[in-house]
Amino acid sequence: MISVDGLTVEFGGTTLFKDVSFVINEKDRIALMGKNGAGKSTLLKIMAGERTPSRGKVSAPKDTIIAYLPQHLMTEDNRTVFEEASQAFAHLFEMEREMESINNQLATRTDYESEEYYQLIEKVSALSEKFYTIEDTNFDAEVEKILLGLGFVRSDFSRPTSEFSGGWRMRIELAKILLRKPDLILLDEPTNHMDIESIQWLEDFLINSAKAVMVISHDRAFIDNITTRTIEVTMGRIYDYKVNYSSYLTLRQERREQQQKQFDEQQKMIAETTDFIERFKGTYSKTLQVQSRVKMLEKLELVEVDEEDRSALRLKFPPSPRSGNYPVIVDGVTKSYGNHLVFKNASLTIERGERVAFVGKNGEGKSTLVKAIMKEIEHEGKLTLGHNVMIGYFAQNQASLLDEELTVFQTIDYVAVGDIRTKIKDMLGAFMFGGDHSSKKVKVLSGGERTRLAMIKLLLEPVNLLILDEPTNHLDMKTKDILKSALKDYDGTLILVSHDRDFLDGLVSKVYEFGNKQVKEHLGDIYSFLKKKRMESLRELEKSVK
């Protein structure tokens with residue numbers, strides 16, 4: 001049991017949260033929710049011991065292991081992937097070395113009656129007891145199992161970690177955490193750089209093998225599947241619900257409606273009382289009543305209604321210019337980088353108005369085919385774009401193509417035409433650029449902020465083939481909902497590369513699966529594809545067991 005008691009965080013005259021208390025029990029699966037800036041990541045860092053609160057404390061029994069995966073990592077080392085993951089057992093290897101050292105001392109010393117000799121015997125006994133209570137683990141097999149589950153292949157094991165991108169290095173850190181079998185795992189946006197298969201594997205691991213978990217995530221399907229409790233941080237305090245995220249949304253709405261009702265009743269009472277005081281404050285016969293009501297108002301604890309973004313902004317893509325019947329025809333396309341074959345003989349036809357998803361493990365060629373469609377890379381085979389195809393393209397590097405000297409507002413003002421110009425501020429607010437943020441220059445924005453700004457630009461351009469490569473990585477749930485709603489109304493052709501199942505649900509009617517150097521077509525939505533895949537993998541498992 002891990003106890004959080006009276007946590008308060010203050011800085012620069014502002015209170016982030018005050019007197020926050022709760023208890024985490026074994027098998028708790030907690031979603032930590034709240035709007036950006038509410039203090040979620042700060043709370044995780046305090047629980048991980050990486051930050052000190054202004055007041056309050058986190059208590060845990062001796063030898064409790066709390067492991068923390070932050071949103072951003074800054075690691076640099078020369079170990080291989082396998083060696084780095086094996087660092088999860090470094091404390092055991094150190095314990096083994098210490099026992100060996102003490103045993104050597106005991107074998108060579110002759111002061112058998114001395115206090116120091118007895119202390120060494122006690123120390124090695126305690127270490128041995130602790131070491132041998134840890135089950136006889138095959139460390140190499142454990143490391144292999146976790147790394148394969150997180151999407152690595154065996155040939156990656158001997159590669160230096162420096163060859164991997166930030167997203168893959170994040171997975172190595174996650175592997176180390178899972179291998180330590182901690183009492184509490186703290187995860188801050190763990191799925192941002194994962195493909196669907198790795199996310200599903202992580203879900204299964206957290207549900208079936210982890211002790212307690214607390215996670216911040218904007219991946220609705222992920223948190224709905226793994227969590228059984230939701231803690232919301234809002235307006236400096238917390239609300240603790242013993243339900244998963246979807247159920248929490250319903251309960252939160254009921255709570256706010258109740259608060260609003262109490263607030264309205266209290267405001268009516270205050271107005272009536274104030275009116276009474278004003279009317280009779282000079283009347284001698286009413287003096288006691290007036291004084292009594294003044295005191296009552298002074299002592300009154302005001303009802304607060306929790307903040308809620310009530311803006312129902314609906315963004316719409318401009319009408320699509322009409323394209324030919326088949327915007328994209330891929331016929332026997334093969335792509336290699338040197339000796340590395342990405343995929344072979346890929347063939348697919350996308351009709352006008354179709355909505356398709358590209359899914360599969362990272363590195364299997366989803367973004368490569370997109371780049372081929374964009375004519376950014378050479379390839380073998382034939383790839384034809386239809387008549388009058390106008391492409392709107394969003395990729396991670398879109399953020400780096402923005403003019404750094406423009407402000408956020410200017411960036412959007414320059415591309416907005418027609419009625420939408422009157423809604424630029426609303427649109428910026430929906431994508432978290434409200435208030436003074438709209439006057440910031442692009443060059444001071446973080447990577448996530450630039451990504452969101454590039455997304456708004458795309459919403460303003462009249463195109464008939466929209467290609468979005470991992471568009472939701474830096475968007476919170478509300479912004480994702482706004483984008484999803486706009487895409488549902490979009491009347492052009494859509495290609496979505498995404499690992500976010502909840503986002504894809506209801507948006508696509510065909511799935512192209514990238515894997516084993518091939519591209520396979522699956523008719524149906526994302527969940528029928530995943531159901532079929534799971535059945536296939538179970539059948540494969542049954543075959544291998546026989």
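The values are calculated or read from the model by the stated rules, or taken from the named source; none is laboratory data. Being a predicted model, the structure only gives us computed values, none of them experimental. All Cβ positions, even for glycine, are placed from backbone atoms using ideal geometry, and neighbour counts span all protein chains on display. Remember, those area values only see protein heavy atoms, side chains included, never the ligands or the DNA or RNA. Shrake-Rupley method; radii C 1.70, N 1.55, O 1.52, S 1.80 Å.
What to note about this one:
- Residues of region 94-109 that turn out to be exposed (fewer than 15 other Cβ atoms within 10 Å of the Cβ) and in contact with a helix residue (DSSP H, G or I) (Cβ under 9 Å, 6 or more places away or on another chain), as a count: 6
- Leading residue by the ranking (nearest to the chain's Cα centre (by Cα)) among those in region 347-361 that are open to solvent by less than 20 Å² (accessible area, probe 1.4 Å) and over 24 Å from W168 (Cβ atoms): V356
- Residue, farthest from D156 (Cα to Cα), within region 79-118, restricted to residues that are in a helix (DSSP H, G or I) and among the acidic types (D, E): E115
- Looking only at residues of region 7-26 that are among the aromatic types (F, W, Y) and within 28 Å of P61 (Cβ to Cβ), we find that the one that is modelled with the highest pLDDT is F22.
- Summed over region 152-179, the residues that are at pLDDT 85 or above and more than 16 Å from the chain's Cα centre (by Cα) give a count of 16.
- Applying the condition of being open to solvent by 10 Å² or more (accessible area, probe 1.4 Å) and among the charged types (D, E, K, R) to region 188-202 and asking which residue is modelled with the lowest pLDDT yields E197.
- Residue match in region 208-225 (condition: open to solvent by 50 Å² or more (accessible area, probe 1.4 Å) and among the β-branched types (V, I, T)): no
- Every residue from region 229-258 that is part of a helix (DSSP H, G or I) and among the aliphatic types (A, V, I, L, M): L249, L251
- When Q266 is tested against (1) within 30 Å of A67 (Cβ to Cβ); (2) open to solvent by less than 40 Å² (accessible area, probe 1.4 Å), exactly one condition is not met: (1).
- Check on E76, of a type in the set (D, E), in a loop (DSSP other than H, G, I, E, B) and modelled with pLDDT of 85 or more: no
- Candidate set: region 362-398, residues that are without any contact (Cβ under 8 Å) to a residue 12 or more places away in the chain and in a helix (DSSP H, G or I); chosen: the one surrounded by the fewest Cβ atoms within 10 Å (Cβ to Cβ): N397
- Among residues of region 198-226 that are hydroxyl-bearing (S, T, Y), those with a Cβ under 6 angstrom from a residue that is open to solvent by less than 10 Å² (accessible area, probe 1.4 Å) and assigned to a helix (DSSP H, G or I), sequence gap 6+ or separate chain, pair up as S217/I223.
- When every residue of region 242-260 is checked against the conditions, none turns out to be of a type in the set (F, W, Y), over 30 Å from R229 (Cβ atoms) and open to solvent by less than 40 Å² (accessible area, probe 1.4 Å).
- The residue of region 486-513 that is farthest from H387 (Cα to Cα), among those that are of a type in the set (D, E, K, R) and not in a helix (DSSP H, G or I), is D500.
- Restricting region 27-47 to residues that are assigned to a loop (DSSP other than H, G, I, E, B) and either among the β-branched types (V, I, T) or at pLDDT 90 or above (or both), the residue that is surrounded by the fewest Cβ atoms within 10 Å (Cβ to Cβ) is K27.
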